[in-house]
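K.L.:
First, the structure itself, so that you have it in front of you.
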């Protein structure tokens, strides 16, 4: 686990967690980030779908979970939203987020790119899934790490 966590610094990890907490302040939506070294799948979306299910991201009352998946060494990433979100987002929403992340990543700004994606996603979730008085945090805000 020590090796995997070294994919990003503790400072970057804290910055990502802070972005998740900030993005979720005004929404009932749930955002998670999973980082690993390599993605052996040709299409990183296949790995993201697997992780989305493995992490139980579908276990939200409004089906409004989002997973941001990054395989740093493989230079692959994907974003997946649950059914509740995908019913209401604009057509190219995830493509726009991925394009912005790709630009940040190409400049070596991995944590910044992830944080920008989190905050942009939070803005969308705030509009479509506003925070309710009885809202509970249904998913961990911590970054999860793979192999």
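The numbers here are math on the coordinates, done by the rules we state, and not lab data. The structure presented is a predicted model; accordingly, all values stated were derived computationally and were not measured.
K.L.:
Divide by every residue of the chain the summed helix terms, -39500 (n - 2.57) for each DSSP H run of at least 4, and state the resulting mean residue ellipticity at 222 nm, rounded to the nearest 500 deg cm²/dmol.
P.N.:
After summing the helix terms and dividing by the residues of the chain, the value is -14000 deg cm²/dmol.
K.L.:
If you fit an axis through the alpha-carbon atoms of helix 44-54 and take the longest principal axis of the Cα set of the chain, what angle between them do you get, 0 to 90°, nearest 10?
P.N.:
Approximately 60 degrees, to the nearest ten.
K.L.:
Compute the separation of the alpha-carbon centres of the range 69-86 and the range 34-68 and state it in Å as a whole number.
P.N.:
The range 69-86 and the range 34-68 have Cα centres spaced 6 Å from each other.
K.L.:
Share of antiparallel DSSP beta bridges in the range 2-133, in percent to the nearest 5?
P.N.:
Values: 7 of 14 bridges.
Counting only bridges with both partners in the range 2-133, antiparallel ones make up about 50 percent.
K.L.:
Once fully extended, how much extra length lies between residue 98 and residue 144, figured as 0.36 nm per residue of separation less the alpha-carbon to alpha-carbon distance?
P.N.:
14.6 nm
K.L.:
Relative to the longest principal Cα axis of the chain, at what angle does helix 10-24 sit, 0 to 90 degrees, rounded to 10?
P.N.:
Around 20 degrees separate the two axes.
K.L.:
Percent relative contact order of the chain, based on C-alpha pairs within less than 8 angstrom and at least six residues apart?
P.N.:
Once divided by the residue count of the chain, the mean separation gives 39 percent.
K.L.:
If you line up the long axis of helix 93-106 against the longest principal axis of the chain, both from Cα atoms, how many degrees apart are they, to the nearest 10?
P.N.:
The angle comes out at about 30 degrees.
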